[in-house]
């Protein structure tokens, strides 16, 4: 009987470890996706800043209608990033509260 209880306790511990590992892996993948998307947004924003004139005295050859599609695409990338940020925040907060994993 004692052996059966030990087996069940070990099985539950293994299952908890697997769940913790899966949670940590999911958070890590979300973080990587967020980092990659932020890098893309950064480069897109840099491109837009190169197009837009820095001084008011220079005649602007770029119209708002030319910038608008690129700005709209940049906004869409940011909007698409928000669910990942929210999911990562939620999972990290719950993991810290349950002390499942240590988040750095």
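The values are calculated or read from the model by the stated rules, or taken from the named source; none is laboratory data. The shown structure was predicted, so the numbers you read here are calculated from the model rather than taken from an experiment. Cβ sites come from the backbone with ideal geometry, for glycine too, and all protein chains shown count toward neighbours.
Below, the figures for the structure above:
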{"read-out": "Residue 47 being part of a helix (DSSP H, G or I), modelled with pLDDT of 80 or more, surrounded by 10 or more Cβ atoms within 10 Å (Cβ to Cβ) and more than 21 Å from the chain's Cα centre (by Cα)", "value": "yes"}
{"read-out": "Candidate set from the range 80-99 (those that are over 12 Å from the mean Cα position of the chain (by Cα) and part of a helix (DSSP H, G or I)); member that is surrounded by the most Cβ atoms within 10 Å (Cβ to Cβ)", "value": "95"}
